[in-house]
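Written out below as structure tokens is the structure these notes cover.
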Amino acid sequence: MTAAPHTTHVAGSSFTRWIRPRPGHWIRPLAFMAPALAGLALFVVYPLLALVYYSFTRYDLLNTPVWVGLRNYVFLLWGDPLARKAAYNTVWLVVVITVLRLVFATGVAAVLVRVRNGAGLFRTLIYLPALAPPVAATLAFTFLFNPGTGPVNTVLSWFGVSGPLWFSDPAWAKPALTLLTLWASGELIIIIMAGMLDVPGELYEAASLDGAGSVRRFWHITLPAIAPVLVFGVINSIILGLQYFTQAVVAASVASGSADIAGSRRVIGYPDNSTLTFPVWLYQQGFHYYNMGYASAMSIALFVVSTVFTVFFVHRLRRASHAEEMA
């Protein structure tokens, strides 16, 4: 086949030249990309395909996988009561963490952008909890919220309030984990604050001249301007809630008075399965009961849910960004 002519304009004149790609012109770029492609295939594509395969099998890591079809998925949806409990806890954490984390981060960011003296110090103090390792942060929180000797209940007793059992009470364990997550939301606060600082000041000045108060300026100018950042915060918080694992396991272990984190059913989900999240139950099935086929099916289900939420909110993010550009 004859290559099509290509016209190039140079200094007001034009000339036609023929583009004939050399044979094998793609070999050199592919050679440079080969290490990255090999790593992607070895550490992403192959594990994902293997996970899909194992989800249709009965596999205990020792014996040859046995094909069972959709039995793992059927058992996950209708036969495992603890999976439903874990899914409920995870959905609870996703909803509450997403809403409160976004409101909390936006409120703190709105205060920080108005601080003039010592702004750098306050921003550093807000961000520091996000740098704390999850295990260490959870241990500190279980100490602070210890129902007998913790400083939180001690301070509440000064005002005549009898503090709850927190991590030892099924009704308060998830709210306590939510407080821990809010305390470590410094990264989201800094991102939202950067979005607020990027809003043109002329918009606030024009709104002030029109008689708009601070609340109306925040509602009609700040929030629409930082809408893409807020959508990112929603996506980040949903993924955080869906993958909630370390804090739940450590809090349950410490509150139960046991150092056994990975093995005992008395520890996992303590108290009364209130901290049993979906990733925790997945880990228990795969690495304690060695039901790797069932754990693979749970992983696929979690992956699908995470992907659906991410794709939906990324689409919303793109629409918000397009609307902002059109405005």
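Please treat every number below as a calculation from the coordinates, not as lab data. Everything quoted here is computed from the prediction, not taken from an experiment. Please note: Cβ atoms are built from the backbone with ideal geometry, for glycine as well, and neighbour counts cover all protein chains shown.
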Using +1 at the Cβ of each Lys and Arg and -1 at the Cβ of each Asp and Glu in the range 72-326, identify which of THR98, PHE159, VAL267 lies farthest towards the dipole's positive end. VAL267
Taking 0.36 nm per residue of sequence separation and subtracting the Cα-Cα distance, how much length would be gained by fully extending the chain between HIS25 and TRP183, in nm to one decimal? 51.5 nm
Compute the distance in nm between two label points, each set 7 Å from the Cα along the Cα-to-Cβ direction, one at TYR204 and one at LEU40. 4.3
Select from the range 49-136 those trypsin sites (Lys or Arg not before Pro) which occupy a DSSP coil region and have at most 13 other Cβ atoms within 10 Å, ordered by residue number. ARG114, ARG116
Could you identify which residue out of ALA86, ALA176, ALA212 has the top mean-square fluctuation in a GNM of the chain using Cα springs shorter than 10 Å? ALA212
Compute the length gained on full extension between PHE218 and ARG71: take 0.36 nm times their separation in residues and subtract their Cα-Cα distance, giving the result in nm to one decimal. 47.7 nm
Distances longer than 17 Å among the Cα atoms of the range 105-239: what percent of all pairs is that? 68
Put +1 on the Cβ of every Lys and Arg and -1 on every Asp and Glu Cβ in the chain; which of VAL111, ALA251, ALA38 then has its Cα farthest towards the positive end of the dipole? ALA38
Label-point separation, ASP272 to ALA50 (7 Å along Cα→Cβ), nm: 4.1
One would report the Cα pair-distance distribution of the chain, bin width 10 Å, in %, as 5, 18, 22, 21, 16, 10, 5, 2, 1
Relative contact order (%) - criterion: Cα under 8 Å, at least six apart; region: the range 72-326: 28
Taking the Cα centre of each part, how many Å lie between the range 64-90 and the range 162-194? 30
Only Cα pairs within less than 10 Å get springs; with that Gaussian network setup on the chain, which residue of MET196, MET298, MET33 has the largest fluctuation? MET33
Note the full-extension length gain between LEU125 and VAL155 as 0.36 nm times their separation in residues minus their Cα-Cα distance, in nm to one decimal. 8.5 nm
Of VAL250, VAL308, VAL135, the most mobile residue in a GNM of the chain (C-alpha springs, cutoff 10 Å) is VAL308
For the chain, the dipole about the Cα centre with charges only on Cβ (Lys and Arg +1, Asp and Glu -1), to the nearest 20 debye, works out at 700
At 20 Å minimum axial length over the Cα atoms and a Kyte-Doolittle cut of -0.5, report the qualifying DSSP H helices in the chain, or say none. 81-112, 227-242, 292-326
Taking amide H positions as placed in the peptide plane 1.01 Å from N, state which residues far from THR57 in sequence (5 or more) or on other chains have amide H under 5 Å from it. VAL68
